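The values are calculated or read from the model by the stated rules, or taken from the named source; none is laboratory data. Just so we're clear, the structure is a prediction, and the values are computed from it rather than from any experiment. We place every Cβ from the backbone using ideal geometry, glycine too, and count neighbours over all the protein chains shown.
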Amino acid sequence: MEIRWFKPMYRPYVHLYINGKDDYTAQMPQFANRTELLKENITRGIFPLKIHKVTAEDSGEYYCYVESSDHHGMAAVQLQVTVRFKVSSTPSVSVALGSDVLLPCHLIPEMSAEKMEIRWIKPMYRPYVHLYINGKDDYTAQMPQFANRTELLKENITRGIFPLKIHKVTAQDSGEYYCHVESSDHHDKTIVQLNVTGK
């Protein structure tokens, strides 16, 4: 019996079992040393493929093709990999009154946040200090005290780095800020304490 696991292109394989043993000669490089055909129940026609240390790039459709001397068949399986991230920052930042300040925020592990929702908020959820949604800044529900004073720096957003710049800091800007990040299937937040000192 031959068992071939492959992605939409037929070759190279994700995993190949032929002539009673695993054959890695035509395996896709990204799966090297990461696949295992579980054979405990192969005589009962059960042979799942185990993929170790799954990555986001492993997402997609997989085909299981089985061929015997007198029959063959194929089934498709969709693998959706959810990437769990943590939002991280510096616990506190101090700045002189009237200066500009950067409140750091980034994702761990490093990944693009371009398509994520990024909310900078004070302890109350709304209105926002700054909102980035659908790939752009949205000022419609911004706290009035921050009007024309905030800027989400996006130079490194594809690497998951997106500090908030606040211009001309006032004494009222002191306090806790939450950097809340949300993807289609996960969310997390971190807190930054802003301390505004006199000149």
### Message
Scan segment 27-41 and tell me whether some residue there is within 26 Å of the chain's Cα centre (by Cα), among the hydroxyl-bearing types (S, T, Y) and surrounded by fewer than 16 Cβ atoms within 10 Å (Cβ to Cβ).
### Response
no
### Query
Of all residues in segment 129-138, how many are surrounded by 13 or more Cβ atoms within 10 Å (Cβ to Cβ) and either in a loop (DSSP other than H, G, I, E, B) or at pLDDT below 95 (or both)?
2
### Message
For segment 20-48: of the residues being among the hydroxyl-bearing types (S, T, Y) and in a loop (DSSP other than H, G, I, E, B), which is modelled with the lowest pLDDT?
### Response
T25
### Summary
When every residue in segment 49-60 that is of a type outside the set (A, V, I, L, M, F, W, C) and at pLDDT 95 or above is compared, the one nearest to V81 (Cα to Cα) is H52
### Identity of the residue in segment 147-173, touching a helix residue (DSSP H, G or I) at 6+ places or on another chain (Cβ under 8 Å) and crowded, with 16+ Cβ neighbours inside 10 Å, that ends up farthest from R84 (Cα to Cα)
D173
### Task
Can you confirm whether segment 113-123 contains a residue that is loosely packed, with under 11 Cβ neighbours inside 10 Å, free of Cβ contacts under 8 Å to residues at least 40 places away in the same chain and not polar (S, T, N, Q)?
no
### Message
Any residue at all in segment 4-19 that's of a type outside the set (D, E), over 25 Å from H71 (Cβ atoms) and modelled with pLDDT of 90 or more?
### Response
no
